[in-house]
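The values are calculated or read from the model by the stated rules, or taken from the named source; none is laboratory data. These numbers come from a predicted model, not from an experiment. Cβ: placed from backbone, ideal geometry, glycine included. Neighbour counts: every protein chain shown. When the accessible area is computed, the model is the full protein with side chains, heavy atoms only, and any ligands, DNA or RNA have been set aside. Shrake-Rupley method; radii C 1.70, N 1.55, O 1.52, S 1.80 Å.
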Amino acid sequence: SVLKGSVLDVAVDIRKDSVTYGKHHSVVLSAENGLQFWIPPGFAHGFLTLEDDTIFSYKCTNYYSPESEGSLRWNDPDLAIDWKIKNPIISTKDEINDFFNTFVSKFN
């Protein structure tokens, strides 16, 4: 959920046996609309802040574990996520993520 400002929140199904494998869903969360977005295990999660000074709060199902982390390229043409922005500011780590066609999912 968002305490201040707004984000575009995106989930990508990375469960290999799922009929929606590789599909995504996005929603705008804001302090104004008060929406929350539950993303179950087996989905990749990414977000874009839409306003300066946004405060985004989320919970995880377990403690952070760097060795179990995986990532997808934010602008992957196969996923075709409309981020509503052409040139976002992204971390160095996020610039070098895997493309979906080479990503190896740990979820069935």
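Taking every protein chain into account, the 1.4 Å probe leaves residue 96 with about 130 Å² of accessible area, to the nearest ten. With a 1.4 Å probe rolled over the protein heavy atoms of all chains, the accessible area of 81, 90 falls in the order 90, 81, largest first. You can think of it this way: the chain between residue 83 and residue 60 has 6.0 nm of extra reach, that is 0.36 nm per residue less the Cα-Cα gap. Counting 0.36 nm for each residue step from residue 50 to residue 33 and taking away their Cα separation leaves a gain of 4.7 nm.
Would you mind telling me the share, in percent, of accessible area of the chain contributed by carbon and sulfur at probe 1.4 angstrom? Write out the running numbers ahead of the final one.
Numbers: 4080 of 7860 Å².
Within the chain, the accessible surface is 52 percent carbon and sulfur.
Only Cα sites of the stretch 40-108 enter the Debye sum here, all with the same form factor; the resulting log10 I(q)/I(0) across q = 0.16, 0.18, 0.22, 0.25 1/Å is -0.70, -0.90, -1.29, -1.47, listed in q order. Amide H contacts of residue 107 (H built 1.01 Å from N, in plane; Pro and chain starts excluded): 16 sit under 5 Å, all sequence-distant by 5 or more or on other chains. Residue ranking by accessible heavy-atom surface, 1.4 Å probe, largest first, among 19, 104, 10 comes out as 19, 104, 10. Of the GluC sites (Glu not before Pro) found in the stretch 14-82, those in coil by DSSP whose Cβ has at most 16 other Cβ atoms within 10 Å are 32, 51, 69. Once the 1.4 Å probe is applied to the protein heavy atoms, the chain comes out at 73 Å² accessible per residue. Just checking the listed ones, 82, 52, 13: in the Gaussian network model of the chain with Cα springs under 10 Å, the one fluctuating most is 52.
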